[in-house]
Amino acid sequence: MSRWVPWSNRNSEVEQRIDQEFTDTAANRISFSLNQIATRAEIADAYTEYRTEVGKHANYFETANTGPAKQSLDKFISTEGHDDVLTLIEILINELWEESTLSGENHPIEELLDIDHKLRRILVEEGILLRIRPERNEIETFAEALGKYREAKNSSGYSSRHSSTPSRPEKPFNIHFETLADKSVIESDQQLRALGKKGRWEEEVSPYNEAWTQYQDEQFSYLIAEKLYNR
């Protein structure tokens, strides 16, 4: 088989597949996912804490009513600076796990685990060089403990005869973002992909593509570095 590579493949601009900051698509997917679960009160509380911590205010951000609150969150994630966006999202994600004093306002465990999974998946699928900490298994462990607490609290067998109510497990972590790499990784990736279009370099570049596949599978381990540097 000929190893000739067509002109268009050799000379077309290589599309960037990894980013340090949210792309428009990533921002849209994340804001939509958060708005599917976050209540007006949670958005309001998160924004209040954001203002307290950062000292900034977006004039358009309104939290008095549900519709405007969700629209404000969407606009904030789509238009504000990267650091501000990550800060508000972190605060809001942690707010979702807090116990509400209002009856019926607590999110089902399945919803909390689902939004965690969605956000992790979006970061990988959109090639954003961020990951969510702690690891998924730690989230699941706490979710299981929280579920048992709720079950005991709401059990029909529970009565005032008990000397004390069950204690809500304390969340042993703050969910937060962690940077995976710097801008040089993005530039190197584009250069390598361009090089890989040249037929005779395909074999040499294959370990880098394998490393990319592992990143997409969320296999953040020494194996990625091994494939990149042990050549």
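At a glance:
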read-out	value
Label point distance in nm, Ser78-Asn59, each placed 7 Å from Cα along Cα→Cβ	1.9
Estimated inter-spin distance, Arg51 and Glu138, nm [label 7 Å along Cα→Cβ]	3.1
Cross-link pairs Lys118/Lys148; Lys56/Lys148; Lys70/Lys171 - those with Cα-Cα distance over 31 Å	Lys56/Lys148
Label-point gap, in nm, between Leu180 and Gln36 - each point 7 angstrom along Cα→Cβ	2.1
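Rule-based calculations on the coordinates, nothing more; no lab input. Remember, it's a predicted structure, so these values are computed and weren't measured experimentally. Cβ atoms come from the backbone with ideal geometry, glycine included; neighbour counts cover every protein chain shown.
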